[in-house]
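Scroll down for the structure; my scribbles are underneath it.
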Amino acid sequence: DSEPIVLGIETSCDETGVGIVRGTTLLGESIASSVEQHSRFGGVVPEVASRAHLEAMTPTVERALRGAGLTLADVDAFAVTAGPGLPGALMVGVAAAKAYALSLGRPLYGVHHLAAHVAVDQLEHGRLPKPCVALLVSGGHSSLLLVPDVATDVRSLGATVDDAAGEAFDKVARVLDLGFPGGPLIDREASKGDPAAIAFPRGKYADGTYDFSFSGLKTAVARWVEARERAGEPVPVADVAASFQEAVVDVLTHKAIKVCRDNGVGDLVIGGGVAANSRLRALAQERCDAAGVRLRIPRPKLCTDNGAMVAALGAELVGAGLAPSALDLPADSSLPI
Ligand code: KG4
Ligand code: ZN
């Protein structure tokens, strides 16, 4: 195979991810997470995340290489998440990638975290259709993107104006005393509850934009639970979880399909940690089928933050013949798309 081998590094939040890709083939990957160190705080602590990246970086690179049966000398190019993300966390990855690229005399590609979440789907389902629409939902972002070409042209059409979808899951899980991260725990509780039990608000549902708002929903859930507790009545946790989850995925899928319809696009990609949500997957499939849209959701391991997504986009940039980044590439915590 003559396509270049690209090693990608992701450190924008709490996962130290390394992936190795050739074309659209995943050759190896490894991930280290500091999620347990954050759980007692109920959210990611930036300084703790940065320190954990520093400790995990080299061993994670070595594990990924070993898994692929490769050595550093086999790597043709390096890619790294340049932003957006936590500033100190990004800096660890960018500094490491520069060191590898410089010492081995290989090109370095700084990539956008959201574009990487889209590109990773190629490792599972083959080349992305051009154009496609992407819905990215995680603890840090909730975005709708129009993607004429993942390497060169990714346009943001809408995003959350307050909390990210995953953040809402995490906060509501805290209100229900379920633990952190809350998404999987709410998902599990919700499977035992009635999604129509409580009519929680669908923020910005019909406002004509492609934006989202979840903070009003989160507050509505907290108020509802407080009222129950004040009245000395038991909280029906499964019903609250199911009704909250339904409100989130109803708006997400409604707006994602709207972007497809409005732009005449027939393919939707969903990524980010919340893409693991069972109800989101089911409702998205149902609504895509009804709208004649093809749905692509990579396996959960590729949906959450990982290094393979960075390598996947890096391989795409190399393949498109784009110039590498300069070695003074900055880490940009609010990198625009
Ligand atoms: O992509 P990710 O691993 O990290 C970033 O935030 O970038 O996403 C993590 C988020 C957390 O908020 C977590 O609660 C949520 O994804 N999540 C879920 C599920 N699994 C993870 N949310 C809803 N349902 C799930 N099954
Ligand atoms: Zn992410």
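The values are calculated or read from the model by the stated rules, or taken from the named source; none is laboratory data. Source: prediction; values computed, not measured. Here the Cβ positions follow ideal geometry from the backbone for every residue, glycine too, while neighbour counts run over all protein chains shown.
Some notes on this structure:
- Considering residues of region 128-149 that are over 18 Å from residue 293 (Cβ atoms) and of a type outside the set (Gly, Ala, Ser) only, the residue nearest to ligand 2 (Cβ to nearest atom): 141
- Residue 270 meets all of the listed conditions (1) within 19 Å of residue 23 (Cα to Cα); (2) in contact (Cβ under 8 Å) with a residue 40 or more places away in the chain but one, namely (1).
- When region 304-332 is filtered for residues that are more than 21 Å from residue 155 (Cβ to Cβ) and within 16 Å of the chain's Cα centre (by Cα), the ones remaining, listed by number, are 304, 305, 306, 307, 308, 311.
- Some residue of region 35-42 being acidic (Asp, Glu) and farther than 21 Å from residue 169 by Cβ: no
- When region 85-110 is limited to residues that are hydroxyl-bearing (Ser, Thr, Tyr) and over 22 Å from the mean Cα position of the chain (by Cα), the one that is surrounded by the most Cβ atoms within 10 Å (Cβ to Cβ) turns out to be 100.
- Extreme residue, farthest from ligand 1 (Cβ to nearest atom), among residues of region 220-272 that are assigned to a loop (DSSP other than H, G, I, E, B), in contact with a Gly (Cβ under 8 Å, 6 or more places away or on another chain) and at negative phi: 266
- Conditions (1) at pLDDT 95 or above; (2) over 25 Å from residue 139 (Cα atoms); (3) not β-branched (Val, Ile, Thr); number of the one not met by residue 327: (1)
- Test result for residue 181, modelled with pLDDT under 95, touching an Asp or Glu at 6+ places or on another chain (Cβ under 7 Å) and either of a type in the set (Phe, Trp, Tyr) or buried (at least 16 other Cβ atoms within 10 Å of the Cβ) (or both): yes
- Filtered by the rule that a residue be part of a loop (DSSP other than H, G, I, E, B) and either within 13 Å of ligand 1 (Cβ to nearest atom) or touching a helix residue (DSSP H, G or I) at 6+ places or on another chain (Cβ under 6 Å) (or both), region 1-20 gives 4, 11, 12, 13, 14.
- Just one of (1) within 16 Å of ligand 2 (Cβ to nearest atom); (2) at pLDDT 95 or above fails for residue 152. It is (1).
- Conditions (1) more than 12 Å from ligand 1 (Cβ to nearest atom); (2) touching a Ser or Thr at 6+ places or on another chain (Cβ under 7 Å); number of the one not met by residue 293: (2)
- Of 248, 293, all but one fail to be away from ligand 2 (no atom under 16 Å from the Cβ), outside the structural domain of residue 53 (by TED's automatic domain parsing) and over 19 Å from residue 146 (Cα atoms); the exception is 248.
- Pairs where the first residue, in region 60-87, is within 12 Å of residue 27 (Cα to Cα) and the second is of a type in the set (Lys, Arg), C-beta under 9 Å, 6+ apart: 75/106
Table: residues versus (1) surrounded by fewer than 18 Cβ atoms within 10 Å (Cβ to Cβ); (2) not in a helix (DSSP H, G or I).
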position	(1), (2)
280	no, no
289	yes, no
309	no, no
312	no, no
326	yes, yes
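- Some residue of region 81-89 being more than 17 Å from residue 270 (Cβ to Cβ) and away from ligand 2 (no atom under 16 Å from the Cβ): yes
- Long-range neighbours under 8 Å by Cβ, at least six apart or interchain, first residue in contact (Cβ under 8 Å) with a residue 12 or more places away in the chain and assigned by TED's automatic domain parsing to the domain that holds residue 70 within region 29-43, second surrounded by 15 or more Cβ atoms within 10 Å (Cβ to Cβ) and hydroxyl-bearing (Ser, Thr, Tyr): 30/60; 31/16; 31/60; 32/16; 32/60; 33/16; 34/16
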